[in-house]
1. From (1) free of Cβ contacts under 8 Å to residues at least 24 places away in the same chain; (2) in contact with a strand residue (DSSP E or B) (Cβ under 7 Å, 6 or more places away or on another chain), pick out the condition that doesn't hold for residue B:22.
2. When residue B:46 is evaluated against the numbered criteria (1) touching an Asp or Glu at 6+ places or on another chain (Cβ under 7 Å); (2) buried (at least 18 other Cβ atoms within 10 Å of the Cβ), which criterion, by number, is the only one it fails?
3. Can you spot a residue in the stretch B:85-105 that is more than 14 Å from chain A (Cβ to nearest Cβ) and under 18 Å from residue A:105 (Cα atoms)?
4. Condition first: more than 13 Å from the chain's Cα centre (by Cα), surrounded by fewer than 22 Cβ atoms within 10 Å (Cβ to Cβ), at the interface with chain B (Cβ under 8 Å from one of its Cβ atoms) and not hydroxyl-bearing (Ser, Thr, Tyr). Now tell me which residues in the stretch A:94-112 satisfy that.
5. Consider the stretch B:1-23. How many of its residues are under 23 Å from residue B:68 (Cα atoms), assigned to a strand (DSSP E or B) and small (Gly, Ala, Ser)?
6. So which of A:49, A:33, A:91 is in a strand (DSSP E or B), free of Cβ contacts under 8 Å to residues at least 60 places away in the same chain and buried (at least 20 other Cβ atoms within 10 Å of the Cβ)?
Amino acid sequence: DAGVIQSPRHEVTEMGQEVTLRCKPISGHNSLFWYRQTMMRGLELLIYFNNNVPIDDSGMPEDRFSAKMPNASFSTLKIQPSEPRDSAVYFCASSLGAGLTNEQFFGPGTRLTVL
Amino acid sequence: AQSVTQPDIHITVSEGASLELRCNYSYGATPYLFWYVQSPGQGLQLLLKYFSGDTLVQGIKGFEAEFKRSQSSFNLRKPSVHWSDAAEYFCAVGPQGAQKLVFGQGTRLTINP
């Protein structure tokens, strides 16, 4: 079975450009999470969705960040405009349902570099 | 607020030696506790979890962890490490009934041949 799929795996862009990261959760999973990993701050939850509805976006750093989940099999995380401090690895994870008793399965991540 | 501390940023052990990675948490009640492993260039994989009951939990790849309420700790152990265990290990906590995980800073494990 395919796991969580993220694209692109690597993205290099220039400051001020729009960046869109994509995630396809595991089929049948109805919770989706976006995390950011940096050396300074470690792994942080940005936002999560249940049944395509954003539940908690308190981790989204600024208005430059937005996330959508138009259907059960696709989510995007957009940064507009991007800044060098947004450079990080962005992970998407999915789980069968709400609650931490449901294991979160992580994708391979997108390494973003903003020059 | 919840917090997770992994005191060791980097640990080096010899292949075949025993391993213990430390994790301490700060939370008002007993949270759910997790250990994840991240191999280079990969996402995180769940090693084991504790929700309630027996305080010694077994996980995949021969790992185990022990929950000690009095010490607010959830240390990860393996009796004999293999070269393939070289990776970064993350402890995470989350409140019961919630959905948000808080991760520690991670411990990078290096295996000497």
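Rule-based calculations on the coordinates, nothing more; no lab input. Remember, it's a predicted structure, so these values are computed and weren't measured experimentally. All Cβ positions, glycine included, derive from the backbone under ideal geometry; neighbour counts span all protein chains shown.
1. Exception for residue B:22: condition (1).
2. If we test residue B:46 against (1) touching an Asp or Glu at 6+ places or on another chain (Cβ under 7 Å); (2) buried (at least 18 other Cβ atoms within 10 Å of the Cβ), just (2) comes out false.
3. Going residue by residue through the stretch B:85-105, those that are more than 14 Å from chain A (Cβ to nearest Cβ) are B:85-86.
Imposing the further condition that a residue be under 18 Å from residue A:105 (Cα atoms) reduces the set to none.
Taking every residue of the stretch B:85-105 in turn, none turns out to be more than 14 Å from chain A (Cβ to nearest Cβ) and under 18 Å from residue A:105 (Cα atoms).
4. A:98, A:99, A:103
5. Qualifying residue count, the stretch B:1-23: 1.
6. Values: A:33 fails: free of Cβ contacts under 8 Å to residues at least 60 places away in the same chain; A:91 fails: free of Cβ contacts under 8 Å to residues at least 60 places away in the same chain.
It is A:49.
Let's see how each residue does on (1) out of contact with any Gly (no Cβ under 6 Å at 6 or more places or on another chain); (2) free of Cβ contacts under 8 Å to residues at least 24 places away in the same chain; (3) within 28 Å of residue A:98 (Cβ to Cβ):
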site	(1), (2), (3)
B:2	yes, no, yes
B:37	yes, no, yes
B:40	yes, no, no
B:72	yes, no, yes
B:85	yes, no, no
B:90	no, no, yes
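This table checks each residue for (1) under 10 Å from the mean Cα position of the chain (by Cα); (2) within 16 Å of residue A:107 (Cα to Cα); (3) facing another protein chain (nearest Cβ under 10 Å); (4) not β-branched (Val, Ile, Thr).
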site: A:26; (1), (2), (3), (4): no, yes, no, no
site: A:32; (1), (2), (3), (4): yes, yes, no, yes
site: A:35; (1), (2), (3), (4): yes, yes, yes, yes
site: A:42; (1), (2), (3), (4): no, no, yes, yes
site: A:47; (1), (2), (3), (4): yes, yes, no, no
site: A:53; (1), (2), (3), (4): no, no, no, no
site: A:64; (1), (2), (3), (4): no, no, no, yes
site: A:67; (1), (2), (3), (4): yes, no, no, yes
